[in-house]
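The values are calculated or read from the model by the stated rules, or taken from the named source; none is laboratory data. Predicted, not measured: the structure shown is a model, and the values here were computed from it. Here the Cβ positions follow ideal geometry from the backbone for every residue, glycine too, while neighbour counts run over all protein chains shown.
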Amino acid sequence: MIITIKSDTPKNELDEFIATLEQQGLKIFDIVGTQKKVLGLVGDTSCIDEREFLVFPWVEDVTRITAPYKKANRQFHPHDTIVNVGDIKIGGNEKIVIIAGPCSVESEEQIFEISEGIKEAGAVMLRGGAYKPRTSPYVFQGLKTQGLEILSKAKAKYNLPIVSEIMSSDKLPEFLAQVDIIQVGARNMQNFELLRELGKINKPILLKRGLSNTVEEWLMSAEYIMSEGNNQVILCERGIRTFEKATRNTLDLSVIPLLKKITHLPIVIDPSHATGHWELVEAMSLAAIAAGADGLLIEVHNNPQKALSDGPQSLKIKKFAQLMEKGKAIAKVIGRDI
Ligand code: PEP
Ligand code: MN
């Protein structure tokens, strides 16, 4: 970290400032210029919020050199993290994992029909929301406990592990018993209390990128989970808010190669929430595979017109099966399997 100090800073104040930093285990190097003085802080700066330094009137500028996330940082953990769900592996150069299913669990018949279809097409995990974070409190909020029970039945019948979203930590016992990957939705990416609780369990977490969050904020949220001991974090890009209204969100596919560089955590792409339109989902899925995604999370419904949430972005089972065939071909080109 580099701190630029104004030249007329009183010596006693600066000495006191440096002593406080040294007490925190940091080594301080200074360069004295004609106009300014520059302090270089060497050591573990992850516990420092650099903005706090700006409280001093004689601090002109602060620049962070090392990212504030440590456990999620590839610099300190060069090997890819591979998250295991039974015999399914997510990350590294393992098979690209396809997770599919409806936005919401609506009934046993619906989940069974979708499970059968996605399994036949090659999906290896089933997604379905039981607790739904809806914008309006007046619309369908999910089947809750009953929804998780339906997912469990489908898991037993079709041998498909389950991904489902948690909204509050008081529901952890039922998620621990029935869900294989716990999803943190975009709206809860910065629910730090929830993240900390998820850090204390031994279960993979799929952490979606927040509606308008930067990559660094997203990785700091991963850090909240990992700092409590749970390293099984999968990042999921689901589009971010921009000025563009033609798509529901703007899919930031460039995060795939970027995240591969700066973090060792697996990255999954959700082309459904990113685009909001079923017609755009196939192209974005193929692009995500080509760009190196470790998995896809795709909304599939047996009858999108009747879906209780996110029908317009849901693929019909047949369309999903076609996407899978194309996906396998693209994966082969880049030397991976689905
Ligand atoms: C979902 O997966 O159905 C969902 C609500 O996703 P997001 O948090 O990305 O909006
Ligand atoms: Mn949805």
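Tell me the residue from 114, 118, 99 that is within 16 Å of ligand 1 (Cβ to nearest atom), in a strand (DSSP E or B) and at pLDDT 95 or above, please.
Of the residues listed, the single one that is within 16 Å of ligand 1 (Cβ to nearest atom), in a strand (DSSP E or B) and at pLDDT 95 or above is 99.
How many residues does region 152-169 hold that are of a type in the set (Val, Ile, Thr) and under 9 Å from residue 126 (Cβ atoms)? Spell out the reasoning first.
First, the residues of region 152-169 that are of a type in the set (Val, Ile, Thr): 162-163, 166.
Right, trim to under 9 Å from residue 126 (Cβ atoms) and you get 162-163.
Of the residues in region 152-169, 2 are of a type in the set (Val, Ile, Thr) and under 9 Å from residue 126 (Cβ atoms).
Would it be correct to say that residue 257 is touching a helix residue (DSSP H, G or I) at 6+ places or on another chain (Cβ under 7 Å) and closer than 23 Å to residue 136 by Cα?
Taking the combined requirement at face value, the residue does not satisfy it.
Among the residues of region 226-254, what is the count of those that are more than 24 Å from residue 283 (Cα to Cα) and out of contact with any helix residue (DSSP H, G or I) (no Cβ under 7 Å at 6 or more places or on another chain)?
Looking only at that region, the number is 2.
State the number of residues belonging to region 182-208 that are within 12 Å of ligand 1 (Cβ to nearest atom) and either touching a residue at least 60 places away in the same chain (Cβ under 8 Å) or among the acidic types (Asp, Glu) (or both).
Of the residues in region 182-208, 3 are within 12 Å of ligand 1 (Cβ to nearest atom) and either touching a residue at least 60 places away in the same chain (Cβ under 8 Å) or among the acidic types (Asp, Glu) (or both).
Considering each residue of region 30-69, count those that are surrounded by fewer than 16 Cβ atoms within 10 Å (Cβ to Cβ) and assigned to a strand (DSSP E or B), and give that number.
Count: 8.
Please verify whether region 168-180 includes one or more residues that are within 21 Å of residue 88 (Cα to Cα), in contact (Cβ under 8 Å) with a residue 60 or more places away in the chain and not in a loop (DSSP other than H, G, I, E, B).
No; the residues of region 168-180 include none that is within 21 Å of residue 88 (Cα to Cα), in contact (Cβ under 8 Å) with a residue 60 or more places away in the chain and not in a loop (DSSP other than H, G, I, E, B).
Are any of the residues in region 316-328 aliphatic (A, V, I, L, M), over 20 Å from residue 240 (Cβ atoms) and not in a helix (DSSP H, G or I)?
No; the residues of region 316-328 include none that is aliphatic (A, V, I, L, M), over 20 Å from residue 240 (Cβ atoms) and not in a helix (DSSP H, G or I).
Which of the residues belonging to region 165-180 are in contact with a Leu (Cβ under 6 Å, 6 or more places away or on another chain) and under 20 Å from residue 107 (Cα atoms)?
Result: 174, 178.
Run down 207, 211 and say which single residue is over 22 Å from residue 117 (Cβ atoms) and away from ligand 2 (no atom under 15 Å from the Cβ).
Answer to the check: 207.
Are there any pairs with C-beta distances below 6 angstrom linking a residue in region 131-149 that is part of a helix (DSSP H, G or I) to a residue that is within 14 Å of ligand 1 (Cβ to nearest atom) and at pLDDT 95 or above, with the two at least 6 apart or on different chains, and if so which?
147/105; 147/130; 148/130
Within region 286-305, can one find any residue that is under 27 Å from residue 210 (Cβ atoms), assigned to a loop (DSSP other than H, G, I, E, B), touching a strand residue (DSSP E or B) at 6+ places or on another chain (Cβ under 9 Å) and more than 16 Å from ligand 1 (Cβ to nearest atom)?
Checked region 286-305: at least one residue is under 27 Å from residue 210 (Cβ atoms), assigned to a loop (DSSP other than H, G, I, E, B), touching a strand residue (DSSP E or B) at 6+ places or on another chain (Cβ under 9 Å) and more than 16 Å from ligand 1 (Cβ to nearest atom).
Name the pairs: first residue in region 7-33 and at negative phi, second residue among the aromatic types (Phe, Trp, Tyr) and surrounded by 10 or more Cβ atoms within 10 Å (Cβ to Cβ), Cβ to Cβ under 8 Å, at least 6 apart or on different chains?
Cβ pairs passing all conditions: 8/58; 9/58; 10/58; 13/56; 13/58; 14/58; 17/56.
Restricting the search to region 261-284, which residues are more than 15 Å from ligand 2 (Cβ to nearest atom), touching a residue at least 40 places away in the same chain (Cβ under 8 Å) and under 17 Å from the mean Cα position of the chain (by Cα)?
Those that are more than 15 Å from ligand 2 (Cβ to nearest atom), touching a residue at least 40 places away in the same chain (Cβ under 8 Å) and under 17 Å from the mean Cα position of the chain (by Cα): 261, 262, 263, 264, 265, 266.
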